[in-house]
Amino acid sequence: MRECRTRSAAGALTMWSKVFIRTPSNRFLGAVMLALALLVSGPGLADEAEWAAHIDAGTAAYRTGDYRAAAARFEAALREAESFGASDPRFATTLNNLAALYQTQGRYAEAEPLYRRSLGIAEKALGPDHRDVGQSLNNLAELYRGQGRYAEAEPLYRRSLGIREKALGPDHPDVGGSLNNLAGLYRAQGRFAEAEPLYRRSLRILEKALGQDHPDVGVSLNNLAELYREQGRFAEAEPLYRLSLGIREKALGPDHPSVGLSLNNLAVLYVAQGRFAEAEPLYRRSLGIHEKALGADHPSVGTTLNNLALLYEAQKRFAEAEPLYRRALGIAEKALGPDHPHVGTRLNNLALLYEAQGRFAEAEPLYRRDLAISEKALGPDHPDVGGALNNLAALYYAQGRYAEAEPLYRRSLGIHEKSFGADHPSVGTALNNLARLYRAQGKIDDALAFARRANASLARRFTADSGASRRGALSEQRTRSGAFEFHVSLLAAAAERGPQVRAEVTREGFGIAQLARASDTADQVAKMAARYAAGSDALAQLARARQDAMARFEQLDSRIVQAAGQRGAETLAARLRTEQAETIIAIAELDARLEREYPQYGELTNPKPLELAAAQKLLAEDEALVLLLVSADESFLWVLRRGDAGFFKLPLKRNELTEIVKKLRAQLDLGAAEPERILARPFDVATAHGLYRKILAPAEALLAGARHLILVPDGAMQSLPPGVLVTEPPAKPIASLADHAQVAWLAKKYTITVLPAAGSLRALRQFAKAPASREPFGGFGDPVLEGTGEAARRGNVAALYSRGAVADADEVRKLARLPESADELRAIAAALKAPVAAIRLGPAATERAVKEADLTRYRNLAFATHGLMAGEFKGLAEPALVLTPPEKGSELDDGLLTASEISQLKLDANWVVLSACNTAAPDGTPGAVGLSGLARAFFYAGARSLLVSHWAVSSDAAVALTTRMFDESSKGAPKEEALRRSMLALMARKDKPYFAHPTFWAPFVIVGEGNAEWTVGR
């Protein structure tokens, strides 16, 4: 892994009597603004006018990034100021401004004597305890901090703080500025625990003195957010970044450069979490603001170009990234000179791009130049030097130059540990890189030791209860999945040493594999289970209120991010931020109540992995938990029985699995195909058997005696119902549709349920309780629609939202009617002995009826209608179920029951059946993993298990399968056994031999609890 250096944040460096608020960081390029105290004294008005003209022109040139012109003007002003006398404040001001310019250009050796001379004048003219002496001390300390001369900077910062506290009082804004800058020094050293209370005190002082909407408060919030981001505390950083952005937009206007910097910083956070789609519009808006306000060659433009290029590189958009990197490098070299640390950053990132494309010979001299610049300008122990060493070592590693790479990696690790401490992400990167180096040399023990150290830190972060949105944590966890996959690969190599070692690594690997995959659906299952485990309705309602508030927070968060990336959406963004602030207060109040009344809640919703021994205790003797982990180069399988466990390395690459599943899906996802179409394309049984041999055959001995499989699929297997795998090679070629019934399908050998994560087993079995719902069944289906024919089955869905956020009811109505769904629901109701009134058909099957019904009454619930997936059609932002549309759509009822609306329902259901198309599929939203948004929403609403489909289902097959399934379930069969019996009955139908083809019997899978002690209908 490499270190891509982004640059962000800015503040104001002001002279003498102004408060000093900036975001100092050796890794983030700040725009230094000069505020000049024009202290006039003595004679010589003509000279003074000339001096003032030079100062004004130099300041203007500085602000546009024309540092050469600024230097010429400030140097001319210095010559004029010499005539005022060596102790004149104007002379000191000029020295300070020229020093600040040199500092910005990286000309530290030239800046230092000017700062020192300015300080000497101030001390002599004003006395050692004057507030303006404090400012001069602060400026010199900033120079030292930028060079990594932390030991020299700290006493100057402390003296500056002491002067200001004594001269101005402890609550003066200038004291807040000094606290901020001392905290920045600690942050640069990785002394985060010391920095945070200073940042917080600074923020309190500024809010009290200046008001919560003052721009300096916005900068202070930004700095605290930077501290959190650098520690990997992303969930805490994000709201501060957004609050800072809102303050700046309101106080300075939407096109101010400080707004551009806030947008840039928020985008940096999103990239760190892998939220690329949200980051890009923020970068683009930031770029537009800076180009318009500062000119195309300003260093802040270069900063945003650099960061946008990093985003493109992360997405492998290399052709788009390179010209941005080159332009950013050109701007930095022109404005700052060839030896500035920020030039080194640009060289590093361009080298990363070359290396990613295999252009090693072009990358190496850039890495070497970056290292030389960083060591000379910042010193040998600066974190940027550690990054440069890491990246040069990674290049050597990629070329097999291991002996050259190792000392660079080790030096990089030492620098980062000294600067940041053991739990910093940069330390994790260095540890993992050493692990990979040792693995390449066959040193498995050394590699495993470093991987364990690296991932212990990651595990602590990802399994902690942030108390805030889980969305960012899940996103970051996915971007780090490669580190956990590599750890598992090392464990598999170690397992070859013998049975004792294998048992140990099986246990360890089971936990690491769960960290490698972050599941939104598993989160919803855990929340549902925590409510049911509360023990009382009041506590369950309290837990639900907290979960609903967090869902509201995340919805507002998404809308704020969208608004931030749009010009002219400032008013909307401000209103949304106000709503979110109110939501945060509500969450805090609910958290306080949960802490008092339901202290176990945090533990129940904690996303920590399920331990292997604990999982085994949750299994029956005839059950097996099967966990699959698919990585780029290999796959791994864990099989747990109540008294045994196995860990298997599979020779199956991610891309290979994807191609196999695509091939099989192409023979299954036939929509509403006629039998004649299937006759021409019998199912590829040999490929299905080959896939079984790759995945499950290695564990056949451990699976002996098992009747129930609980599967946690991964990769492309999440898109294939496992029942279509074939356990034995076909005895003869398939010559007719009826021959499919003789195939050794996995569904014949086992009952099968699917879980979104291994931890869901604990949630469903240890915490969830039997439903208290009173009535056996409720159903909605056969909505009144007017379309006919195959085309109408999908309709003009692109136009569904052509009129805004409410769906166009007329377009919904053009979808095809599904009259068979009425028969399906009636048959289910009869099997469960439910009254006719329990089902709502035709005009009664409306979105309003669903929302207004007391759905907690029903132990089983079914929706027999069309399912629409987000991303499948333009304009459909989330998955939805189709119901009878009203004459005119409204927020309450537009004919589409969306996932977000489903999540607001209140259920207490043992089983929810979605006999609609594609209700198991990933929903097309960015970052969607595994199961559809419909599945996640129903779990959150209160379903313990779902019946969902993997492809468009034939109506007559769906009716036959679901009605038989509920008939079997009403006789006492567990859900998974009821589904298996129904499948077998369908493929054995003599009157419809084509039902033996898996496109008819295989689309449905049970997600959730399939073998609980309670059964439907009881």
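The values are calculated or read from the model by the stated rules, or taken from the named source; none is laboratory data. Predicted, not measured: the structure shown is a model, and the values here were computed from it. Backbone-built Cβ (ideal geometry, glycine too); neighbour counts: all protein chains shown.
A few points about this structure:
- Selection count where residues are over 17 Å from residue 299 (Cβ atoms) and modelled with pLDDT of 85 or more, scope segment 28-73: 11
- Residue that is more than 21 Å from residue 337 (Cα to Cα), of a type in the set (A, V, I, L, M, F, W, C) and not in a helix (DSSP H, G or I), where the choices are 405, 394, 422: 422
- When residue 361 is tested against (1) buried (at least 17 other Cβ atoms within 10 Å of the Cβ); (2) farther than 29 Å from residue 64 by Cβ; (3) among the hydrophobic types (A, V, I, L, M, F, W, C), exactly one condition is not met: (1).
- Checking each residue of segment 966-978 against the condition of being part of a helix (DSSP H, G or I), small (Gly, Ala, Ser) and farther than 21 Å from residue 750 by Cβ gives at least one match.
- Test: residue in segment 736-754 that is more than 36 Å from the chain's Cα centre (by Cα), closer than 22 Å to residue 525 by Cα and not in a helix (DSSP H, G or I): no
- Members of segment 310-343 found to be among the acidic types (Asp, Glu), surrounded by fewer than 21 Cβ atoms within 10 Å (Cβ to Cβ) and in contact (Cβ under 8 Å) with a residue 60 or more places away in the chain, listed by number: 339
- Residue in segment 247-257 that is touching a residue at least 60 places away in the same chain (Cβ under 8 Å) and more than 23 Å from residue 173 (Cβ to Cβ) present: yes
- Condition check for residue 120: of a type in the set (Gly, Ala, Ser) and at positive phi: no
- Wholly enclosed helices (runs of 4 or more DSSP H) of segment 37-151 bearing at least 2 residues under 30 Å from residue 381 (Cα atoms): 89-104, 108-126, 131-146
- For segment 594-607, residues that are buried (at least 16 other Cβ atoms within 10 Å of the Cβ) and either part of a helix (DSSP H, G or I) or under 23 Å from the mean Cα position of the chain (by Cα) (or both) total 5.
- Selected residue (criterion: farthest from the chain's Cα centre (by Cα)) from residues of segment 835-863 that are within 23 Å of residue 944 (Cα to Cα) and crowded, with 22+ Cβ neighbours inside 10 Å: 839
- The condition of being in contact with a helix residue (DSSP H, G or I) (Cβ under 9 Å, 6 or more places away or on another chain), in the same structural domain as residue 939 (by TED's automatic domain parsing) and either β-branched (Val, Ile, Thr) or at pLDDT below 90 (or both) holds for only one of 870, 791, that being 870.
- Taking the listed residues 180, 96, the one that is buried (at least 24 other Cβ atoms within 10 Å of the Cβ), within 39 Å of the chain's Cα centre (by Cα) and among the polar types (S, T, N, Q) is 180, with no other qualifying.
- Scan of segment 344-362 for residues that are under 30 Å from the mean Cα position of the chain (by Cα), in a helix (DSSP H, G or I) and not basic (Lys, Arg), ordered by number: 344, 345, 347, 348, 349, 350, 351, 352, 353, 354, 355, 356
- Taking segment 471-494 as the range and being at pLDDT below 80 and buried (at least 19 other Cβ atoms within 10 Å of the Cβ) as the test, the residues that pass are 471, 472, 473, 474, 475, 476, 477, 480.
- Qualifying position, being of a type in the set (Phe, Trp, Tyr), in the same structural domain as residue 497 (by TED's automatic domain parsing) and either modelled with pLDDT under 95 or farther than 27 Å from residue 349 by Cβ (or both), among 420, 462: 462
- Among the residues of segment 810-832, those that are over 15 Å from residue 867 (Cβ atoms), of a type in the set (D, E, K, R) and touching a helix residue (DSSP H, G or I) at 6+ places or on another chain (Cβ under 7 Å) comprise 811, 814, 820, 823.
- Of all the listed residues (430, 398, 405), the sole one being surrounded by 23 or more Cβ atoms within 10 Å (Cβ to Cβ), touching an Asp or Glu at 6+ places or on another chain (Cβ under 9 Å), outside the structural domain of residue 102 (by TED's automatic domain parsing) and within 30 Å of residue 477 (Cα to Cα) is 430.
- Candidate set: segment 374-388, residues that are touching a residue at least 40 places away in the same chain (Cβ under 8 Å) and of a type in the set (A, V, I, L, M); chosen: the one nearest to residue 415 (Cα to Cα): 388
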